[in-house]
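The values are calculated or read from the model by the stated rules, or taken from the named source; none is laboratory data. The shown structure was predicted, so the numbers you read here are calculated from the model rather than taken from an experiment. Methodologically, a virtual Cβ is constructed for each residue, glycine included, from the backbone with ideal geometry; neighbour enumeration extends over all protein chains shown. Quick note on the areas: whole protein, heavy atoms, side chains included, nothing else; ligands and nucleic acids left out. Shrake-Rupley method; radii C 1.70, N 1.55, O 1.52, S 1.80 Å.
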Amino acid sequence: MSAVMSSLSTDNAWRELHEAATVPYKKGGTFAWQFARGKLGRDPVFRGLLERGLIDAQHRRVVDIGCGQGLFVSLLASMSAMQQQGRWPASWPATPAAADYTGIELMPKDVARAEASVGHLQPTPRLVCADMCSAALPDCDLVVILDVLHYVDLEAQEGVLTRVRDALRRGGNPKARLLLRVGDASSRRGFAISQWVDRTVTRIRGHKVSPTWGRPLAEWTALLQRLGFRVQSIPMSEGTPFANVLLVADLEAAA
């Protein structure tokens, strides 16, 4: 699909996209809807991914690890609809026309909210209740991991990223990409604040708070490079007191 461009301003387009992507959560109940509106509205990562062109039109097969209630698939579907309707700002790159989406989430309550809210979308999203350390990863073009890898220890983190690399390689897309947001443990104050907020939100969502394992940004970058990725780091805490960084990891050609 070639995006039909619009003279709609990016601010107005984002408000329209926010509304369209959160409306489905009314089906999942008041909590699901309010959480979706707050998360999409306040977290800079979603608009950042879009405006920086980090989701390519060729990223059709998407794996979302730690998908929660499936907000990313709702966003992808709303992006596609806006492009088909010709309501897509000229400065925004095209995104996938019909994403083949697999969401992996450990918490059954979140999966239930996702199924109730976005399970009707077309193409039908696959929503899997499983541990990211052992869940099967399908061949894919894009993997998204936002703020969840710190829930497993350092060895398990490397195991997840190794399996992600292998799934991207099997996909065979020369533009294969991992979008990984992490906290930079070398920024002590921001990292501590983000961990406190993370634990608070986890409790609000009705889940048990687990231990976390962080790394300095340099260590995250070195790990990804060792696994065969080219890495670009982008600060992703604008408007927040956190120390979050988005790592854009593009798969190197296999030797």
- Query: When you go through Thr240, Thr200 one by one, which is the residue that is modelled with pLDDT under 90 and under 19 Å from the mean Cα position of the chain (by Cα)?
  - Reply: Thr240
- For residues in segment 28-46 being at pLDDT below 95, charged (D, E, K, R) and in a helix (DSSP H, G or I), which is nearest to the chain's Cα centre (by Cα)? Lys39
- Item | Subset tally (residues that are in a loop (DSSP other than H, G, I, E, B), more than 17 Å from the chain's Cα centre (by Cα) and of a type in the set (Asp, Glu)) for segment 140-179 | 1
- Leading residue by the ranking (nearest to Thr102 (Cα to Cα)) among those in segment 47-65 that are acidic (Asp, Glu) and either open to solvent by 30 Å² or more (accessible area, probe 1.4 Å) or in a loop (DSSP other than H, G, I, E, B) (or both): Asp56
- Being buried (at least 17 other Cβ atoms within 10 Å of the Cβ) and not hydrophobic (A, V, I, L, M, F, W, C) is the filter; apply it to segment 116-133 and report the residue that is farthest from His59 (Cα to Cα). Ser117
- Message: It is to be established whether one or more residues within segment 70-86 are under 29 Å from Pro216 (Cα atoms), open to solvent by 30 Å² or more (accessible area, probe 1.4 Å), modelled with pLDDT of 95 or more and not polar (S, T, N, Q).
- Response: no
- Message: Among the listed residues Ala136, Ala185, identify the single one that is of a type in the set (A, V, I, L, M) and open to solvent by 40 Å² or more (accessible area, probe 1.4 Å).
- Response: Ala136
- If Ser134 satisfies every condition in (1) under 20 Å from Gly171 (Cα atoms); (2) in contact with a strand residue (DSSP E or B) (Cβ under 9 Å, 6 or more places away or on another chain) but one, which is the exception? (2)
